[in-house]
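Below is one structure, written out as structure tokens; the observations come after it.
The values are calculated or read from the model by the stated rules, or taken from the named source; none is laboratory data. Being a predicted model, the structure only gives us computed values, none of them experimental. Cβ placement follows ideal geometry from the backbone for every residue including glycine, while neighbour counts extend to all protein chains displayed. For accessibility, only protein heavy atoms count, side chains too; no ligands or nucleic acids. Shrake-Rupley method; radii C 1.70, N 1.55, O 1.52, S 1.80 Å.
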Amino acid sequence: MKRFTFPRLSLPAFRFRLPAIPRPAIRFPSFALAFRRNAPADAAPRATAVPAGPGLFRSLFMVRPEKLEPRMVLLALVFGGMFATLLGRIVQINTRTEDPATIGRMTQGSISTARPTIVDRHGVTMATDVKTVSIFADPRKVIDKDEAAELINAVFPELDGRELRDKLGKKNGFVWIKREVTPKQQAEIHRLGIPGIGYLPENKRVYPNGMAGAHVLGFANIDNVGIAGIEKYIDSQGLNDLKGAGLLQSAGDLKPLELALDVRVTHAVREELTAALDKYKAKAAAALVLDVDTGEIIAHVSLPDYDPNNPGDALKPDNINRLQVGVYEMGSTFKALTTAMALDSGKVRLNSVFDASQPLRYGRFKIGDYKGKGRPLSVPEIFIYSSNIGTARMALAVGVEGHKAFLKKMGQLDRMRTELPESSEPIKPAKWGELNTMTIAFGHGLAVAPLQATAATAALVNGGRMIQPTYLKRTREEAEQAAVQVLKPETSQMMRYVMRLNAEKGSATRADIPGYYLGGKTGTSEKVIGGRYSKNRLLTTFMAVMPADKPRYILLTMLDEPKGLPETHGYATSGWNAAPTTGRIVERIGPMLGLETKFELPQQPFPLVARIGAMPVRQ
């Protein structure tokens, strides 16, 4: 067996040569040198100890400055400067606070601006701004976004966690976290110490009187922008332009807006109306107090209403402004307009008599009276007994075109325009013929806003002057400049007479409060349900004049679908609910309005009627 042997490898010889290490020169102290000089001459030389060098390993890591190349020095300086700059920037970002100007630019269009204070006619605050704090974040500075979202969500559990995390993940420099927080919530967020969280002062709109005047005031959204009512009207008058120019810093920069409303009267009207709503189990109710000489709206209540501090409730369908947005067939209260039209035309006199003994027929339609007298009636009797037949005959005496022209002049055929942006167009017949004139004469076939009807009725009793209603405070002189004469003063006096007569002997006796010398007209209309009139679903109204001899105010009371009660003998008509409700309201607000109670009847309150010698009213 042959033996295998590895070949021999011949390796070249390597010779290691250590670098020469210079020996440092040793300097001895002076005393040593002196010792050597004093040594004897014949002394044998002695060996001197030389300290050992740094050694091989240590010498490999020793760098002499004189051996460094210039480019290495430059590179070290560049990298050192970069790290110093980066460190300084990190410190600056985490310690500085944004200046107000920068925050203002970031939040322009988002942060709420100041609004003027709204006061009633006596200076009582109805809407004002308060300072509050809102929390925002700069997502670029938030380090741990998941943790931040979780911590914030613990303080504000109503926030959506996923949405909050998405906000913090954005790349822009500003996102809202929570608007209008309480001081306690702000302190809790501050204690969390989350980087990138900031706080901004804002203006929050508050309404100290709650629901009083809600439909008039409207409300502002979270950005303090007017959405409805007077708040929206304010924005339309140039508030947004001032905001864009940066001229609004606080509400103190703006003059308070004075309303015509009286908070005291509004509260009283609302309380009585709420009681009537419950008592008669009505679906809704509304009331309005109007100054007949200035057109100022002193009280405006529509139930159900809402609290402007919780504006979300305003979106509920039942909470609409029934006095201006809703349109209704006003029933027999419209007979006052028809009577005034007939008297003012000259074709009908106060002592004129119309046959109401038989129903009035027109084709297949028949117009009758509710509890009619079955005999000819004079004009005052037609009014106080609320005769549909007699009223229709008076309208026919004027004619279709004359009727349309009169209603146009009285503002009943056009949309009512006031400071409130919310309003509705009247519902008019597409083709207006004699039958339409007859039914519209007693309040059926034409739907208008209750405020429209009230403004027209005010013109019937204030001397015949049509004055545009307003929710803003107005002087009598300003109202006179805008007034339009639509009736003869003599006609106005005759209308005051028949309205007072109705309170004494007609359907308005339950509203006649001693001492206030009221006049008025009741109205009951059947609501249209599914295209047909429903006899069991009624709208009842009462239009009161206070006082009747020298009117100062018109009071409208309206109940939607009231129910009959045992004390009303099952009746649900206006004389049994709207009229007594009006009486209770007058008792409450009369002293507030400065109406003097007079228990002695005025002497000759209607001198023209006395000269004419109106026919006596028969039962």
Review point. Since ALA614 meets every condition but one in (1) assigned to a loop (DSSP other than H, G, I, E, B); (2) in contact (Cβ under 8 Å) with a residue 60 or more places away in the chain; (3) touching a helix residue (DSSP H, G or I) at 6+ places or on another chain (Cβ under 8 Å); (4) surrounded by fewer than 18 Cβ atoms within 10 Å (Cβ to Cβ), which condition does it not meet?
Key: (4)
Check your understanding: Has region 431-454 got any residue that is surrounded by fewer than 23 Cβ atoms within 10 Å (Cβ to Cβ) and farther than 26 Å from ALA395 by Cβ?
Key -> no
Check your understanding: For region 432-460, which residues satisfy the criterion of being polar (S, T, N, Q) and over 17 Å from PHE542 (Cα atoms)?
Key -> ASN436, THR437, THR439
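Please specify each residue of region 352-376 satisfying the condition of being closer than 19 Å to THR437 by Cβ and surrounded by 12 or more Cβ atoms within 10 Å (Cβ to Cβ). Write out each step before concluding.
Within region 352-376, the first condition is being closer than 19 Å to THR437 by Cβ, and the residues that meet it are 352, 354-356, 359-369.
Of everything in region 352-376, those that are closer than 19 Å to THR437 by Cβ and surrounded by 12 or more Cβ atoms within 10 Å (Cβ to Cβ) turn out to be SER352, PHE354, ASP355, ALA356, PRO359, LEU360, TYR362, ILE367, GLY368, ASP369.
Just the residues that are assigned to a helix (DSSP H, G or I) and closer than 30 Å to LYS232 by Cα, please, taken from region 456-472. If you could, list the steps in order and put the result at the bottom.
As a first pass, look at region 456-472 and keep what is assigned to a helix (DSSP H, G or I): 456-461.
Hits for region 456-472 are ALA456, THR457, ALA458, ALA459.
Look at region 520-537 and say how many of its residues are surrounded by fewer than 24 Cβ atoms within 10 Å (Cβ to Cβ) and on the phi < 0 side of the Ramachandran plot. Spell out the reasoning first.
Kept after step one, since they are surrounded by fewer than 24 Cβ atoms within 10 Å (Cβ to Cβ), are these residues of region 520-537: 525-537.
Those still in the list that are on the phi < 0 side of the Ramachandran plot too: 525-529, 532-537.
Adding up the residues that qualify gives 11.
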Check your understanding: Residue check, GLN92 against (1) modelled with pLDDT of 85 or more; (2) loosely packed, with under 11 Cβ neighbours inside 10 Å, all met but one. Which one?
Key -> (1)
Check your understanding: of a type in the set (Gly, Ala, Ser) and more than 30 Å from LEU257 (Cα to Cα) - does that describe any residue in region 472-481?
Key -> no
Exercise for review: Filter region 484-524 for residues that are over 17 Å from VAL609 (Cβ atoms) and of a type in the set (Gly, Ala, Ser) and give the result.
Suggested key: SER507, ALA508, ALA511, GLY515, GLY520, GLY523
Check your understanding: Here is a list of conditions, (1) among the small types (Gly, Ala, Ser); (2) under 30 Å from PHE606 (Cβ atoms); (3) open to solvent by 40 Å² or more (accessible area, probe 1.4 Å), and GLY570 meets all of them except one; can you say which number that is?
Key -> (2)
Point to revise | Residues of region 577-607 satisfying the condition of being free of Cβ contacts under 8 Å to residues at least 12 places away in the same chain and among the small types (Gly, Ala, Ser) | key: GLY594
Check your understanding: In region 329-351, is there at least one residue being within 24 Å of the chain's Cα centre (by Cα), modelled with pLDDT of 95 or more and among the aliphatic types (A, V, I, L, M)?
Key -> no
Check your understanding: Does ARG264 meet the test of being open to solvent by 50 Å² or more (accessible area, probe 1.4 Å), modelled with pLDDT of 90 or more and over 30 Å from THR117 (Cβ atoms)?
Key -> no
Exercise for review: Working only within region 404-421, note down all residues that are open to solvent by 50 Å² or more (accessible area, probe 1.4 Å) and closer than 26 Å to PHE219 by Cα.
Suggested key: ARG415, ARG417, PRO421
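Any residue in region 326-333 that is touching a residue at least 12 places away in the same chain (Cβ under 8 Å), in contact with a Leu (Cβ under 6 Å, 6 or more places away or on another chain) and either hydrophobic (A, V, I, L, M, F, W, C) or open to solvent by 50 Å² or more (accessible area, probe 1.4 Å) (or both)? Talk me through it step by step, then tell me what you get.
So in region 326-333, the residues touching a residue at least 12 places away in the same chain (Cβ under 8 Å) come out as 326-333.
After this cut, where a residue has to be in contact with a Leu (Cβ under 6 Å, 6 or more places away or on another chain) as well, the list is 328.
Checking which are either hydrophobic (A, V, I, L, M, F, W, C) or open to solvent by 50 Å² or more (accessible area, probe 1.4 Å) (or both) leaves us with none.
No, that holds for no residue.
Just name the residue that is least open to solvent (accessible area, probe 1.4 Å) out of those in region 473-508 that are assigned to a helix (DSSP H, G or I) and over 30 Å from GLU381 (Cβ atoms). Break it down stepwise before answering.
Kept after step one, since they are assigned to a helix (DSSP H, G or I), are these residues of region 473-508: 476-482, 489-505.
Add one more test, that the residue is over 30 Å from GLU381 (Cβ atoms), and what stays is 476-482.
Details: ARG476: 126, GLU477: 122, GLU478: 97, ALA479: 0, GLU480: 87, GLN481: 160, ALA482: 63 Å².
Ranking the candidates gives ALA479 first.
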Practice item. Kindly state which strands (runs of 3 or more DSSP E) lie completely within region 153-237 and contain at least 2 residues that are free of Cβ contacts under 8 Å to residues at least 60 places away in the same chain, among the small types (Gly, Ala, Ser) and open to solvent by 70 Å² or more (accessible area, probe 1.4 Å). Key: none
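When only residues in region 126-146 that are open to solvent by 50 Å² or more (accessible area, probe 1.4 Å) and touching a strand residue (DSSP E or B) at 6+ places or on another chain (Cβ under 7 Å) count, which is farthest from GLN237 (Cα to Cα)? Before you say what the answer is, go through the steps one by one.
Keep residues of region 126-146 that are open to solvent by 50 Å² or more (accessible area, probe 1.4 Å), which gives 130-131, 140-141, 143-144, 146.
Among the residues that remain, those that are also touching a strand residue (DSSP E or B) at 6+ places or on another chain (Cβ under 7 Å) are: 130-131.
Working: VAL130: 22, LYS131: 24 Å.
So the residue we want is LYS131.
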Revision key, fill the gap. Checked against (1) surrounded by 14 or more Cβ atoms within 10 Å (Cβ to Cβ); (2) touching a residue at least 24 places away in the same chain (Cβ under 8 Å); (3) in a loop (DSSP other than H, G, I, E, B), VAL301 satisfies every condition except (3)
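Could you check, for region 137-150, whether at least one of its residues is touching a Pro at 6+ places or on another chain (Cβ under 8 Å), more than 30 Å from MET211 (Cβ to Cβ) and among the basic types (Lys, Arg)? Walk me through it before giving the result.
Quick first cut of region 137-150, residues touching a Pro at 6+ places or on another chain (Cβ under 8 Å) only: 141-143, 145.
Keeping just the survivors that are more than 30 Å from MET211 (Cβ to Cβ) gives 141-143, 145.
Remaining after also requiring among the basic types (Lys, Arg): 141, 145.
Scanning region 137-150, I find at least one residue that is touching a Pro at 6+ places or on another chain (Cβ under 8 Å), more than 30 Å from MET211 (Cβ to Cβ) and among the basic types (Lys, Arg), so the answer is yes.
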Practice item. Please state which of the following conditions SER424 fails to meet, knowing it meets all the rest: (1) at pLDDT below 95; (2) of a type in the set (S, T, N, Q); (3) farther than 30 Å from ILE118 by Cα. Key: (3)
